[in-house]
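Enquirer: Before we start, here is the structure in question, set down as structure tokens.
The values are calculated or read from the model by the stated rules, or taken from the named source; none is laboratory data. None of these values were measured; they are calculated from a predicted model. So basically every Cβ, Gly included, is an ideal-geometry build from the backbone, and we count neighbours across all protein chains shown.
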Amino acid sequence: MESSTPTRVLVVAHRTAATPALLDAVRERAARGPCAFTLLVPNQAHGLHRVIDAEDQDAGEAESVLELALPLLQDAAGAPVEGIVGDPEPLNAVADAVNLRGFDEIIVSTLPARVSRWLRLDLPSKIGGLGLPVTTVTATERAEAPASTV
């Protein structure tokens, strides 16, 4: 009966949540077997909020990302995709989601290495420390972005 249970896939993205590279990765993962996708958008703090109280941040920007990306991800997945706003620190947001909701796999979508804060922080490797398979998708200026497994 295990094969009838969909794999729970957490997709972590912010500025790359609606990029062709991520949509292709979701489409590819959905084609490999039944999945239930959830998009997690960390509620990025800006300016002094990063220093003073990153958690006291309006979720408007993250909610706008969800509003834009969810219909595109649902088309790619061929099924409904849940959207959640998480902690401003992406690793904390992922850990919270994994601990509270339980996931089987994680897809991390980042900007290209030259501008990605998440890659500079080695976020995909740190997320891998949670014990789940992690796939990193790097957005590029072109639609044929590679997806590599971390």
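Enquirer: Report, ordered by the first and then the second residue, all pairs with beta carbons closer than 6 Å, sequence separation of six or more or different chains, a first member in the stretch 3-27 that is touching a residue at least 40 places away in the same chain (Cβ under 8 Å), and a second member that is surrounded by fewer than 16 Cβ atoms within 10 Å (Cβ to Cβ).
Expert: Every condition considered, the pairs that remain are Thr7/Asp104; Arg8/Asp104; Ala18/Leu68; Pro20/Ala143.
Table: residues versus (1) modelled with pLDDT of 95 or more; (2) closer than 19 Å to Thr19 by Cβ.
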site: Gly83; (1), (2): yes, yes
site: Asp87; (1), (2): no, no
site: Asn92; (1), (2): yes, no
site: Ala95; (1), (2): yes, no
site: Asn99; (1), (2): yes, no
site: Ile107; (1), (2): yes, yes
site: Ser116; (1), (2): no, yes
site: Leu123; (1), (2): yes, yes
site: Gly131; (1), (2): yes, no
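Enquirer: Within the stretch 7-29, count every residue that is in contact with a Phe, Trp or Tyr (Cβ under 9 Å, 6 or more places away or on another chain) and assigned to a loop (DSSP other than H, G, I, E, B).
Expert: Residues that pass the stated criteria total 1.
Enquirer: Moving on to the next point. If I ask for residues that are within 17 Å of Thr7 (Cα to Cα) and acidic (Asp, Glu), which ones from the stretch 93-126 would you list?
Expert: Across the stretch 93-126, the qualifying residues are Asp104, Glu105.
Enquirer: Kindly evaluate Ala45 against the criterion of being under 19 Å from the mean Cα position of the chain (by Cα), farther than 13 Å from Leu72 by Cα and modelled with pLDDT under 95. Before the answer, list the steps.
Expert: Details: under 19 Å from the mean Cα position of the chain (by Cα): yes; farther than 13 Å from Leu72 by Cα: yes; modelled with pLDDT under 95: yes.
Judged against the criteria, Ala45 is a match.
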